[in-house]
Amino acid sequence: MGAVSRLATEEEIRRYLALGSDAEAERFVAEFWAARDPRPATPENEAAELFESRSREADRLLSEAGVRGRRTDRGTLLVIFGAPKKVDFETSADPRDPPIELWLYDPETPGLGGLRPKPVYRFVNRGELTETYRPRALAGTPGLADTP
């Protein structure tokens, strides 16, 4: 899914899915980032630049199983909220699972788009891709239970 889909409103997603040409898509992207520019009077768009910088960092650090880091669960959080304040691990209640990776954030520090993180996000690698932790009974269900 990726971080940009977490930043977009439902209306923006509907508009994007209805686009009919590359030119319309280019206009949409320009308008999308212009609406998020914290200082529109300047030539830079700090939000778009931060998004791209963090996306490159997520790709560098978190790509796995042929998936670009920015499109993984951890990469989405890295792009939206930046690096966690702390990374830790806990033992899973299920002995079949490896340790659960914890990303700890300050919920008072907003990320891109003003989104606020939860204090803790949990991830597990049960194969080739590290994903948001869900107990095994829920592991096959779609959706990211712990993402913004």
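The values are calculated or read from the model by the stated rules, or taken from the named source; none is laboratory data. Because the structure is predicted, anything quoted here is derived from the model rather than measured. Don't worry about glycine lacking a Cβ; one is built from the backbone with ideal geometry, like all the others, and counts go over all protein chains shown. Protein only, heavy atoms only, side chains kept; ligands, DNA and RNA dropped before computing areas. Shrake-Rupley method; radii C 1.70, N 1.55, O 1.52, S 1.80 Å.
The set of residues from the stretch 55-72 being in contact with an Asp or Glu (Cβ under 8 Å, 6 or more places away or on another chain) and more than 16 Å from residue 127 (Cβ to Cβ) comprises 68, 69, 70. For the stretch 1-35, the tally of residues that are out of contact with any Lys or Arg (no Cβ under 8 Å at 6 or more places or on another chain), part of a helix (DSSP H, G or I) and of a type in the set (A, V, I, L, M, F, W, C) stands at 10.
Apart from one condition, residue 76 fits all of (1) closer than 19 Å to residue 134 by Cα; (2) of a type in the set (S, T, N, Q); (3) more than 15 Å from the chain's Cα centre (by Cα); the exception is (3).
Here residue 136 fulfils each of the conditions (1) open to solvent by 80 Å² or more (accessible area, probe 1.4 Å); (2) without any contact (Cβ under 8 Å) to a residue 24 or more places away in the chain apart from (2). Taking the stated definitions as given, is residue 106 charged (D, E, K, R) and farther than 24 Å from residue 33 by Cβ? Judged against the criteria, residue 106 is a match. Of the set (1) of a type outside the set (S, T, N, Q); (2) part of a helix (DSSP H, G or I); (3) free of Cβ contacts under 8 Å to residues at least 60 places away in the same chain, all apply to residue 43 but (2). Put simply, of 46, 52, 31 the only residue that is in contact with a Pro (Cβ under 6 Å, 6 or more places away or on another chain) and of a type outside the set (Phe, Trp, Tyr) is 46.
Taking residues in the stretch 1-18 that are within 20 Å of residue 68 (Cα to Cα) and open to solvent by less than 30 Å² (accessible area, probe 1.4 Å), and partners anywhere that are part of a helix (DSSP H, G or I) and charged (D, E, K, R), the pairs with Cβ atoms closer than 7 Å and at least 6 places apart or on different chains are 2/70; 2/71; 3/70.
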